[in-house]
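K.L.:
Take a look at the following structure, please.
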């Protein structure tokens, strides 16, 4: 008895994937059908690991072929899953801080811009679940990412701005309402954003973490392969104390994310009318001293200038302005991070 791929698909229409309330054929879960005499093989793509239903669907598919096509058929049904959406990302950099208010998101946004300007394919993800600010800094507050479906899986398509792929929880929640989520819900949202987004091929994905050392940081460390962490601090002791805690957390045996180094933000104040003057209003070289004590590189010293704040509020990070001397500080920081990563991969 001979049969066709159409015969196989027709028989498999009776096999349901209950979580989606439809047949595995209608959901485009059946792929790679091969026929060789009485041998029938095909793959069943699940949108995610689903141990409860995998064997049920597989056995039902085999039975459908035997009962409706050929009782003597030799059926091989293989369970498969979508490829890792992060597999084509060469480096994932998380930007962290021990406390809020040190300019972590500003550093993350300008790092992404600086990497893109140096020719790297770059994306940025706002993982600051409770206080997303990347949409504002990239002037995409009202943007709505599109969604496409492929092999029964829905994929988020990031917004693109300044040649950078941008994604934030802020795109999916009401910005005027406080986000009241317990830790597990916030962690699950992070995993969903990372795993269900079509990132494509990237040289760098920059992740803007929430401040502190909580659930989001633990989830990132335990569930994803992170190239390294850049910790942002300001020079004064109250910020340095929290930066030490952040460094300590990521160095713990159960976490172990490589520390790329420290970024000292607001290193000194320079007024626009006196560009040669430096006023160390938050202390001097606190970041440099902490880097030396902890044995990590000092990746950059970013001045405190009004144009950095203005550019962030206007949705055009200062590094976009090639005429700005401040932009060079972020460009050098990005070069330092890239050099650290290349040296460690040698």
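K.L.:
At a threshold of 8 angstrom on Cα-Cα distance, excluding pairs fewer than six apart, so keeping six or more, what relative contact order does segment 89-345 reach in percent?
P.N.:
Worked out over segment 89-345, it gives 26 percent.
K.L.:
Cut-off is 10 Å between beta-carbons; in what order do 46, 330 appear when sorted fewest neighbours first?
P.N.:
The order, fewest Cβ neighbours first, is 46, 330.
K.L.:
I've got another one for you. Could you compute the FRET efficiency for residue 58 and residue 293, with r as their C-beta to C-beta distance and R0 at 56 Å, rounded to 0.05?
P.N.:
About 0.50, to the nearest 0.05.
K.L.:
Right, another one. Rank these for me by crowding, 136, 299, going from fewest to most other beta carbons within 10 Å.
P.N.:
Ranked by crowding around the Cβ, least crowded first: 136, 299.
K.L.:
Same structure, new question: Per residue of the chain, what 222 nm ellipticity follows from adding -39500 (n - 2.57) for every DSSP H run with n ≥ 4, rounded to the nearest 500?
P.N.:
-10500 deg cm²/dmol
K.L.:
Right, next: Hey, what did segment 51-152 get for relative contact order, percent, Cα under 8 Å, at least 6 apart?
P.N.:
14 percent.
K.L.:
Given the Cα-Cα distance of residue 313 and residue 192 and 0.36 nm per residue of separation, how much length would full extension add, in nm?
P.N.:
Contour length minus Cα-Cα distance gives 40.8 nm.
K.L.:
For segment 56-77 and segment 210-263, write down the distance between their C-alpha centroids in whole Å.
P.N.:
Their Cα centres are 52 Å away from one another.
K.L.:
R0 = 41 Å: FRET efficiency of residue 244 with residue 31, Cβ-based, nearest 0.05?
P.N.:
Here the calculated transfer efficiency is 0.20.
K.L.:
I'd like the orientation of helix 104-117 relative to the chain: the angle between its Cα long axis and the longest Cα principal axis, in ° from 0 to 90, rounded to 10.
P.N.:
Approximately 70 degrees, to the nearest 10.
K.L.:
Could you tell me the center-to-center distance, by alpha carbons, between segment 277-346 and segment 2-25 in angstrom?
P.N.:
57 Å
K.L.:
How much FRET efficiency would the formula 1/(1 + (r/R0)^6) give for residue 284 and residue 6, where r is the Cβ-Cβ distance and R0 is 51 Å, rounded to 0.05?
P.N.:
The computed FRET efficiency comes out at 0.10.
K.L.:
Let me ask another. Report the full-extension gain for the segment residue 344 to residue 130: residue separation times 0.36 nm, less the Cα-Cα distance, to one decimal in nm.
P.N.:
73.7 nm
K.L.:
Could you please rank 181, 199, placing first whichever residue has the fewest other Cβ atoms within 10 Å of its Cβ?
P.N.:
The fewest-first ordering by Cβ neighbours comes to 181, 199.
K.L.:
Also, quick follow-up: Helix 51-68 sits at what angle to the longest principal axis of the chain, using alpha carbons and giving 0 to 90 degrees rounded to 10?
P.N.:
30 degrees
Values in this text are rule-based calculations from the coordinates and carry no lab data. Fair warning: this is a prediction, and the values are worked out from it, not measured in the lab. Positions of Cβ are generated from backbone atoms using ideal geometry, with glycine treated the same way; all protein chains shown enter the neighbour counts.
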